[in-house]
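Step one of this worksheet: look at the structure below.
The values are calculated or read from the model by the stated rules, or taken from the named source; none is laboratory data. The structure displayed is predicted, hence computed values, not measured ones. No Cβ is skipped: glycine too gets one built from the backbone with ideal geometry, and neighbour counts run over all protein chains shown.
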Amino acid sequence: MKCMRTLLLARELSVGRCTVLMKDLSKSDLLPLQKGVCLQNSRLVSVRSIHISTCLGTTTAPKDNPDNSKESTNRSLVTVEELFERTSVDAKNRASFQQAVNIFSQRDIRRRGHVEFIYAALKKMPEFGVEKDIDVYNKILDVFPKEVFVPHNFIQRMFNHYPRQQECAIEVLEQMENYGVMPNKETKLLLLQIFGNKSHPMRKYQRLMYWFPKFKHINPYPVPDLLPRDPVDLARLSLQRIAADLDARVTVYQLSHVEITDSGKSIDHPHIVGIQSPDQQSLLAHHNVDRPVFVEGPFRLWLKKTCVYYYVLRAELLPPEERKEEIIDPERNFYYPMHLDIDLERDMWDDLEFDIDEVEEGPVFAMCMAGAGDQATLAKWIVGLQETNPILRQIPVVFRLTPGPRELQSSIDSDDNREEEMSQAQRLK
Amino acid sequence: MPLLRKVLDNVYFLKKWHCQNGLFSLFRPLVGCNLKWHSNYKRPGTPPDKTPPWKKIHFSFQKGIEGIKTHFGKLSKEIVDHVKGPEGRPLLDYMLSQTTVIWEFRSEEDLKNWVISSDAEIGGKSEVNLKLGKNNQSAVLFGTLNTTVPRDGETRYSGYCSMRSKPRLVAFDRKNPYDWSNFNILHLRVRGDGRPWMINIYTDPYFSHQKDDLYSYFMFTRGGPYWEEIKIPFSKFFFSSRGRIQDHQHELWLDKISTLGFTVGDKVDGPFQLEIDYIGLIKDRAHTEECAYELYDRNPKK
């Protein structure tokens, strides 16, 4: 009803009988209308611009808000952002963001300045922590007046109808795309209502709906959105990821705790989580006792936005004269052959070998992640490894740690500090 | 897909190639003309370059003589290769090859075939470096990604680093794009640190409006101390132009491949690293897909 009243009022005003009506109207109701009249200097346009959504019903006629008159006099551009500042005095969260959007929607029936408001809202979204919330995006799209921007005839359809508004809506969708938010049915309904069927925002929506599902699951090593909070769980997850072996067993060598000694001094014991696969164990068991093994690291691993560091126990590559092929005794297993050397009739097409010398590197024996990267902590890991790998008691272990994180590659041992490293080698017993 | 947009502007550095197959290339050895190799991107706010074109020519007799030597050397090699067969290999060998290595990284010479770039070109703060790895066995691409947007009022996204091969040139700097139509799978042996990368393939444009076209797909690295072999069918590559995925997808035509590039731009600030052993191609007869992206009617009749 109220809407109808305003509609009638607008018509009256445009005809020019405003003097009569002026008196029996509250000022707050009239202000937006007056603006409308002076901007649209035409008799008919005012009728067009008051379409109201019936679908979501968030569009309501302007209420008699005590602040309203104050706000409408303030014409500076900053007002839009000020709205967010005002609602977020206590806390910047989803509720205060939605409240700001609600206040804007209820302020003016024509939603004057909604494009500026939407741009400001998009900018404020990460601040309020709602940048991945599809409902909030729909709420923002709902700010657009409905059915006004839908082209009605072929000429409007041919030319870019209301380009600023369409660009603005595309901007909303693009931000959704950037944060990986998949639009839903409601988004589609809103876009249909606001811009019509073949508009640019609708096309953008269709593109999103085409490409998002296609690329949703292409990562062969998926990382969960919410990583575990517990560092031990996180370490387990990342170690299993880099080990690339389902047989590999994760061992928690130490949980983080604080030990208070008798003298009242507290010692921090960081967590140590290691991983080793049976293959790595047997590799280590066959390692030459005279050659040292190295603890290297920390190396970086990215899990989406989180960076974790791991350490590697490895050996140098054997010089070619020491490498020997292990010959398996054919009688070692009577039930099935341990080694097959059948010259299968391989077709020319089956040969998928590359004609290249592959990169050869020393074997990796185990990996670990620890709460602290100092030598004492990692020595505890080696002690823990000795239980399952008794040979490690005879092999000298050299710690080649860098103070900061480093690349896998920079483990090139420059020969000049080699002696120094060897001197700090620990023969752990 | 969101990676795509902000990332790709760096890779259009070959816009000046149109003039080069004309008569000009014959004078190239004598006239050391510094072509703008990397990009014709102009940062907002910078004044236009008003140096007259003749001042950009640095005539040097010494350089000219060297140029003539190298280019005629290349020419004779080209002729010999042409006589031998396609790509300098016997025809049968060429046609029956199942795999081939396109790029490997075993010496500094191999690194010279690659160009690295980062958003420092557009005013960003990322850094990227390329060097040879341990024992000269691989290439290491490392650096820091920084998504701080340059404050020039126009740029909206920032934060990418990339590495891209140079197009193959034969004598007198004529371009000679790769013909990979015998193969259908890209094979890479890499070791990363868990970050996703994008692989961009640039085909040699026939019309000038195709010069910004790019075919891309994603490469996910596992991280960790092990090497991994990644196979990407060419049918998976999607078509984009000027950083926007196009509605009309078509298969990647492999007969004129100009360059291949790697880009990181996952919006995460911090260091990154990628080691590449080699980049090769495989012919897999079991893979018959041509284009992985189906098309729909733009205005369906219902």
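Yes or no: B:Ala171 buried (at least 16 other Cβ atoms within 10 Å of the Cβ) and within 29 Å of B:Ser97 (Cα to Cα)? For B:Ala171, the condition - buried (at least 16 other Cβ atoms within 10 Å of the Cβ) and within 29 Å of B:Ser97 (Cα to Cα) - is met.
The combined condition, being within 12 Å of chain A (Cβ to nearest Cβ), surrounded by 15 or more Cβ atoms within 10 Å (Cβ to Cβ) and either part of a strand (DSSP E or B) or in contact with a Ser or Thr (Cβ under 9 Å, 6 or more places away or on another chain) (or both), is not fulfilled by B:Arg164. Those residues that are part of a strand (DSSP E or B) and within 13 Å of chain A (Cβ to nearest Cβ), I need them from region B:184-209; list them, please. Selection gives B:Ile185, B:Leu186, B:His187, B:Leu188, B:Arg189, B:Val190, B:Arg191, B:Gly192, B:Pro196, B:Trp197, B:Met198, B:Ile199. Restricted to region A:136-148, and to residues there that are in a helix (DSSP H, G or I) and over 18 Å from the mean Cα position of the chain (by Cα), the residue that is nearest to A:Ala169 (Cα to Cα) is A:Leu141.
Please verify whether A:Lys198 is within 14 Å of chain B (Cβ to nearest Cβ), among the basic types (Lys, Arg) and more than 28 Å from B:Met219 (Cα to Cα), treating the condition exactly as stated. Yes. Pairs linking a residue in region A:209-234 that is under 15 Å from B:Arg195 (Cα atoms) and away from chain B (no Cβ under 11 Å) to a residue that is among the charged types (D, E, K, R) and part of a helix (DSSP H, G or I), with Cβ atoms under 8 Å and 6 or more positions apart or on different chains, do not occur. Does A:Leu190 fit the bill of being within 14 Å of chain B (Cβ to nearest Cβ), surrounded by 19 or more Cβ atoms within 10 Å (Cβ to Cβ) and under 30 Å from A:Lys216 (Cα atoms)? Judged against the criteria, A:Leu190 is not a match.
Restricting the first member to region B:253-266 and to residues that are closer than 10 Å to B:Met163 by Cα, and the second to residues that are crowded, with 21+ Cβ neighbours inside 10 Å and of a type in the set (Ser, Thr, Tyr), the beta-carbon pairs closer than 8 Å and six or more apart or on different chains are B:Leu260/B:Tyr202; B:Gly261/B:Ser162; B:Gly261/B:Tyr202; B:Phe262/B:Ser162; B:Thr263/B:Tyr160; B:Thr263/B:Ser162; B:Val264/B:Tyr160; B:Val264/B:Ser162. Exactly one residue among A:Pro330, A:Pro292, A:Pro337 is touching a helix residue (DSSP H, G or I) at 6+ places or on another chain (Cβ under 8 Å) and surrounded by 10 or more Cβ atoms within 10 Å (Cβ to Cβ), and that residue is A:Pro292. With A:Gly371, A:Gly297, A:Gly362 as the choices, which residue is closer than 27 Å to B:Trp103 by Cα and either of a type outside the set (D, E, K, R) or surrounded by 11 or more Cβ atoms within 10 Å (Cβ to Cβ) (or both)? After applying the criteria, what remains is A:Gly362. Kindly indicate whether B:Gly123 is away from chain A (no Cβ under 12 Å) and in contact (Cβ under 8 Å) with a residue 12 or more places away in the chain. Answer is yes for this residue. Just wondering, is there one or more residues in region B:243-263 that are assigned by TED's automatic domain parsing to the domain that holds B:Arg168, crowded, with 17+ Cβ neighbours inside 10 Å and touching a Gly at 6+ places or on another chain (Cβ under 7 Å)? There is no residue in region B:243-263 that is assigned by TED's automatic domain parsing to the domain that holds B:Arg168, crowded, with 17+ Cβ neighbours inside 10 Å and touching a Gly at 6+ places or on another chain (Cβ under 7 Å). Contact map, region B:47-58: first residue closer than 27 Å to B:Asp152 by Cβ, second residue surrounded by 10 or more Cβ atoms within 10 Å (Cβ to Cβ), Cβ cut-off under 7 Å, separation 6 or more or different chains; pairs are B:Lys56/B:Cys33.
I need the full set of residues from region B:215-224 which are in contact with a helix residue (DSSP H, G or I) (Cβ under 7 Å, 6 or more places away or on another chain) and within 7 Å of chain A (Cβ to nearest Cβ), in order please.
B:Arg222, B:Gly223, B:Gly224
On inspection, A:His271 qualifies as in the same structural domain as A:Lys380 (by TED's automatic domain parsing) and under 25 Å from B:Gly270 (Cα atoms). Set side by side, the residues B:Ser258, B:Ser240, B:Ser181 differ, and just one is away from chain A (no Cβ under 14 Å), of a type in the set (Ser, Thr, Tyr) and not in a loop (DSSP other than H, G, I, E, B), which is B:Ser258. Take the residues in region B:128-159 that are away from chain A (no Cβ under 12 Å) and of a type in the set (Val, Ile, Thr); name whichever of them is nearest to B:Gly45 (Cα to Cα). Filtering first and then ranking leaves B:Thr155. Only a single item in (1) within 9 Å of another protein chain (Cβ to nearest Cβ); (2) more than 30 Å from A:Glu358 (Cβ to Cβ) is not met by B:Glu228, and it is number (2). Please tell me if B:Asp49 is over 30 Å from B:Tyr178 (Cβ atoms) and either of a type in the set (Asp, Glu) or in the same structural domain as B:Asp255 (by TED's automatic domain parsing) (or both). It is true that B:Asp49 is over 30 Å from B:Tyr178 (Cβ atoms) and either of a type in the set (Asp, Glu) or in the same structural domain as B:Asp255 (by TED's automatic domain parsing) (or both).
When A:Tyr210 is tested against (1) surrounded by fewer than 18 Cβ atoms within 10 Å (Cβ to Cβ); (2) under 27 Å from A:Ala366 (Cβ atoms), just one condition goes unmet, and that condition is (2). If you check A:Ile242, A:Ile275, A:Ile267 for being more than 14 Å from chain B (Cβ to nearest Cβ) and among the aliphatic types (A, V, I, L, M), only one passes: A:Ile267.
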